[in-house]
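What follows draws every value from the coordinates through simple rules; no lab data is involved. This one's a predicted model, so the numbers in the text were calculated from it and none came from an experiment. All Cβ positions, even for glycine, are placed from backbone atoms using ideal geometry, and neighbour counts span all protein chains on display.
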Amino acid sequence: MALVLTEEQQLLRDTATQFFQERLPIANLRKLRDTRDATGFDQAAWKEMADLGFAGIMISEKYGGTDFGPVGLGLVLEQAGRTLAASPLVSTVLLCGSAVQLAGNATQRQEILSAIAAGDRIMALALEEGPHHNPTRIATRAEADGSSYRISGTKTFVLDGHVAEQLIVVARTSGNDNDRTGITLFLVDPKAAGVKITRTLMVDGRNAANIELDNVRAPASAVLGSVDGGNDVVEQVLDIARIGLSAEMLGMVQQTFDTTLDYLKERKQFGKVIGSFQALQHRMAVLFSEIELCRSVVLDALSALEERRNDVPLIASLAKSRLSDVATLMTNEGLQMHGGMGMTDQFDVGLFMKRARVASASFGDGNFHRDRYATLEGY
């Protein structure tokens with residue numbers, strides 16, 4: 001694993017840094033929140049991101065992408081995390097784009113991946129069905145009906161579900177609700193008869209939706225991958241998303257650290273800058289060490305994806321558990337070191353804390369992944 005970025009990767013990181021700081025600063029998230037924006041993200045900025053190649057980083061050049069790979073996307077997501085930029089990068093690129101690349105046939109890849117790379121299609125993965133991450137418990141049913149299927153069930157926590165132009169619905173075509181086998185992925189039109197979508201706003205101001213499917217018809221051509229063979233695809237997609245989200249959280253914790261450090265250098269109490277107090281210096285030293293460890297873990301995880309190593313599931317759980325815990329720790333510490341002022345909306349640290357809570361719980365929190373890691377390691 002190379003710990004030093006190549007010249008091309010450094011250029012991509014610098015481009016992403018400039019874009020997010022200038023085009024999607026934290027003020028943009030505040031505006032979306034305060035105006036209760038119907039979309040939940042800046043559509044013009046998303047198109048600009050696609051023009052810069054961000055939407056097609058994981059997509060082959062023959063589909064209009066840049067094929068820069070997981071490390072490249074991780075660099076972009078890290079910079080997005082530093083400004084809390086709201087965009088369809090996770091829902092459309094990480095989740096759905098990866099699913100189509102892994103399971104789609106030639107026709108599906110050409111049509112869908114080209115649209116994603118161009119920034120012309122927003123997609124959402126309808127997977128979760130309960131309050132906690134449990135990707136193997138699928139109660140939504142898809143019953144064969146001649147040459148098509150009828151899908152019925154309820155999905156929760158569907159990222160960008162209310163603005164998606166195409167859904168990937170995870171449904172059960174055989175077996176019991178908790179079986180790992182018998183799962184199939186379907187491409188579903190959100191405007192199809194029987195689909196009801198209700199937008200929900202999460203504590204971090206991001207988009208999610210609850211989706212009800214009532215006897216929704218899907219033709220056989222809508223199957224993504226093989227019938228009953230969707231679980232392996234879902235697991236791979238989730239590991240990609242976990243690593244990508246860990247990269248975003250790395251940007252969040254680094255920005256929270258930098259912001260808190262600046263505050264400690266400016267805030268005075270008892271006639272002294274509070275950064276001169278040894279107790280606070282020790283706490284910041286511990287956090288600095290934690291962030292450096294996180295950086296190594298995230299880069300290793302991104303490299304594992306790029307190199308298609310066999311230990312991707314292990315390193316994905318390691319990265320997600322580590323970053324989930326440190327994101328919570330860093331934002332808690334940042335808030336405390338800002339004192340009572342940190343609780344006010346005037347300071348950005350509270351926004352980072354809220355985003356950290358949602359990101360930590362997404363695709364499994366630290367406890368989920370420590371248990372998963374132990375199981376995988378034992379296997």
Inset, instruction - With springs only between Cα atoms under 10 Å apart, run a GNM on the chain and tell me which of ALA99, ALA80, ALA45 wobbles the most. - result: ALA45
Inset, instruction - State the antiparallel share, in %, of DSSP beta bridges confined to the chain, rounding to the nearest 5. - result: 85
Inset, instruction - Once you have all Cα-Cα distances for segment 138-243, histogram them in 5 Å bins from zero and send the whole-percent values. - result: 2, 13, 22, 24, 21, 12, 4, 1, 0
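Within segment 33-72, report the chymotrypsin sites (Phe, Trp or Tyr not before Pro) that DSSP leaves as loop and that have at most 12 other Cβ atoms within 10 Å. Present the calculation step by step, with values, prior to reporting the outcome.
On the way: sites: PHE41, TRP46, PHE54, TYR63, PHE68; in loops: PHE41, PHE54, PHE68.
Filter output for segment 33-72: empty list.
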Inset, instruction - Provide the FRET efficiency to the nearest 0.05 for the ASP214-ARG295 pair, computing r from the beta carbons and using R0 = 45 Å. - result: 0.45
Legend entry - Environment charge at CYS294 (Cβ cut-off 15 Å; Lys +1, Arg +1, Asp -1, Glu -1): -3
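About the Cα centre, and with charges only on the beta carbon of Lys, Arg (+1) and Asp, Glu (-1), how big is the dipole of the chain? Nearest 20 debye, please. Walk me through the numbers before you get to the answer.
On the way: 38 positive and 47 negative charges, 183 e Å.
Dipole magnitude for the chain comes out near 880 debye.
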Inset, instruction - Hand me the trypsin sites (Lys or Arg not before Pro) from segment 260-344 located in a DSSP loop with no more than 11 other Cβ atoms within 10 Å, in residue order please. - result: ARG308
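Relative to the Cα centre, what is the charge dipole magnitude of segment 158-221, using +1 at the beta carbon of each Lys and Arg, -1 at the beta carbon of each Asp and Glu, and rounding to the nearest 20 debye?
Details: 7 positive and 8 negative charges, 12 e Å.
With Lys and Arg at +1 and Asp and Glu at -1, about 60 debye.
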Inset, instruction - For an R0 of 56 angstrom, estimate the FRET efficiency from the Cβ-Cβ distance between THR156 and HIS282 and round to the nearest 0.05. - result: 0.85
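For the chain, what is the per residue volume of the convex hull drawn over the alpha-carbon atoms, in cubic angstrom? Don't skip to the end; give the middle numbers.
Numbers: hull volume 50.8 nm³, N = 379.
That works out to 134 Å³ per residue.
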Legend entry - Separation of the GLN346 and PHE270 label points, Cα + 7 Å toward Cβ, nm: 2.3
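Antiparallel as a % of all DSSP beta bridges within segment 46-168, to the nearest 5? Please list the in-between numbers first.
Details: 5 of 8 bridges.
Bridges in segment 46-168 are about 60 percent antiparallel.
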Inset, instruction - Relative to the longest principal axis of the C-alpha atoms of the chain, give the angle of the C-alpha long axis of helix 7-23, reported between 0 and 90° and rounded to the nearest 10°. - result: 80
Legend entry - Euclidean distance of C-alpha centroids, segment 115-189 and segment 196-229, integer Å: 5
Inset, instruction - Give me the angle, in degrees from 0 to 90, between the Cα long axis of helix 69-82 and the longest principal axis of the Cα atoms of the chain, rounded to the nearest 10. - result: 50
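What 222 nm value per residue comes from the helices of the chain, counting each DSSP H run with n ≥ 4 as -39,500 (n - 2.57) and dividing by all residues, nearest 500 deg cm²/dmol?
On the way: 11 runs with 178 residues, N = 379.
Taken over the chain, the calculation gives -15500 deg cm²/dmol.
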Legend entry - Cleavage-rule hits, chymotrypsin sites (Phe, Trp or Tyr not before Pro), segment 226-297, DSSP coil, Cβ neighbours within 10 Å at most 16: PHE270, PHE277
Legend entry - lysines with Cα under 30 Å of LYS265, excluding same-chain neighbours fewer than 8 positions away: LYS31, LYS354
Legend entry - Percent RCO, i.e. relative contact order, over segment 54-166, from Cα pairs under 8 Å lying at least 6 residues apart: 24
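Starting from the coordinates of the alpha-carbon atoms of segment 264-341, obtain the Kirkwood hydrodynamic radius over all distinct pairs and give the value in Å to one decimal. List each step's numbers first, then the result.
Numbers: mean 1/r = 0.0692 Å⁻¹.
Hydrodynamic radius (Kirkwood, Cα pairs) of segment 264-341 is 14.5 Å.
Taking the Cα centre as origin and putting +1 on Lys and Arg beta-carbons and -1 on Asp and Glu beta-carbons, what dipole magnitude results for segment 267-379, to the nearest 20 debye? Could the numbers behind the result be given before it?
Values: 14 positive and 13 negative charges, 85 e Å.
Dipole size: approximately 400 debye.
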